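Scroll down for the structure; my scribbles are underneath it.
Please treat every number below as a calculation from the coordinates, not as lab data. Since this is a predicted model, take the numbers as computed values, not measurements. Heads up, the Cβs are rebuilt from the backbone with ideal geometry, glycines too, and the neighbour counts pull from every protein chain shown.
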Amino acid sequence: LIIVQFDGSLRPPRDPGFPSLPTKVASCSASITYDASPMMLGGRLLPMATDITAAHVEYEGLLLGLSWLAQQTSQDGVADTVSQQLLIRGDCKAVIDQLMGNSLPRKVQHLHAQCVACIEQIADKELNLPTQRVRITDVKYEHVLRHGNQLCDAVCGHIPEIVGQQSVVKFAKSLDRDLRFIVRQDDIKKKKKASTSSVAFPNHIVYSQRIHLYDRMIQAARQDASALVIIGEAMVHESKFILTQIPKRKQPRKVHEQLHRGMRYQIEGYGGLGLPRKVEALERKYKHEIRRYEREQGRSYDEVRHPPHVDSPQDEEAALQPKSELVKQNSFVMQWHEAALGIDFLDVND
């Protein structure tokens with residue numbers, strides 16, 4: 001029995017304890033086993049489009065497995081060819097029903113046609129599998145619940161985390177070179193408020209990872225008062241959004257620290273720009289919030305205004321590590337991601 005399992009994911013990267021990003025990540029995966037022995041495990045990050053749906057990514061996962069299986073075919077027949085059954089298994093009932101002919105594909109007709117053509121190609125030829133040569137005599141479809149498709153689901157869940165981690169490392173390295181992540185505003189003195197959108201993070205960086213990146217930004221922008229204002233306002237804007245999305249008893253302490261540091265950075269930046277009236281206005285605006293924060297944390301004014309930064313390389317590496325326990329536990333899938341994120345397939349027997 002040859003089993004092809006597939007899965008697709010269309011959701012924001014996981015970020016436990018923080019709100020989800022507004023941008024989604026599309027990924028798919030597939031696995032193939034022959035008589036309970038693994039033959040292939042693969043995954044792929046898919047390009048995003050405005051009209052992409054969950055059915056699209058599910059079909060892409062199925063095509064991933066069927067394409068690998070089709071590459072193992074041969075036209076030459078031999079005497080010791082074994083007849084086997086092909087079972088296609090997935091946790092998306094809509095896709096399984098469409099493959100069985102119980103419903104129409106509608107918006108995914110082109111992907112449905114590719115899968116059907118690929119299945120016909122596999123059934124018409126012999127498969128050169130690692131252990132023996134087989135011929136498909138029957139094709140069946142089976143719908144399973146999510147817990148019956150855990151391996152493919154885990155691969156789909158890890159891909160956005162790995163992509164986000166790569167974006168964090170790349171963005172952090174860019175901060176060591178220059179401050180191009182900030183849109184320079186020469187006329188900032190003429191404006192009442194700097195634009196928080198001037199700080200542009202890559203789409204895949206989750207909120208929990210941005211806290212450490214803000215520290216790196218401040219270190220790079222200490223000599224630039226206008227950049228300090230922009231970063232501080234971005235920190236305040238983002239922290240307030242996060243706190244409004246999380247119940248008070250579950251709000252991370254780091255977010256409160258980021259909020260009040262952002263307030264102090266704004267005051268410090270406007271002071272460096274020579275705008276005393278703006279400094280006085282911000283001190284009046286944030287007075288009660290800063291005092292309440294100092295009482296709750298038991299910290300002095302100087303500690304809040306000048307928080308400690310990450311200095312050693314070991315601390316920087318620890319700050320940029322992914323927090324998901326699932327990644328740490330499933331080391332096999334993690335190793336595969338690190339080695340095969342840029343390719344389509346992984347052959348377990350290689």
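Using a 10 Å cut-off on Cβ atoms, rank the peptides 135-141, 237-243 from the highest mean neighbour count down.
Descending packing order for the listed peptides: 237-243, 135-141.
Taking one quarter of the surface of the C-alpha convex hull of region 1-86 gives a mean projected area of 7.7 nm². Multiplying the residue separation of LEU45 and ALA123 by 0.36 nm and subtracting their alpha-carbon distance yields 25.3 nm. The three principal axes of the C-alpha atoms in region 115-176 carry coordinate ranges of 59, 28, 26 Å, sorted with the longest axis first. Annotation: peptides 220-229, 49-58, ranked by per-residue average of other Cβ atoms within 10 Å with the highest first, follow the order 220-229, 49-58. Given R0 = 25 Å, the distance between the Cβ atoms of ASP35 and ASN102 translates into a calculated FRET efficiency of 0.30. Taking the Kirkwood radius as Rh and the Cα radius of gyration as Rg, region 39-165 has a ratio of Rg/Rh equal to 0.99. Distance between the 7 Å Cα→Cβ label points at HIS237 and THR53: 3.5 nm.
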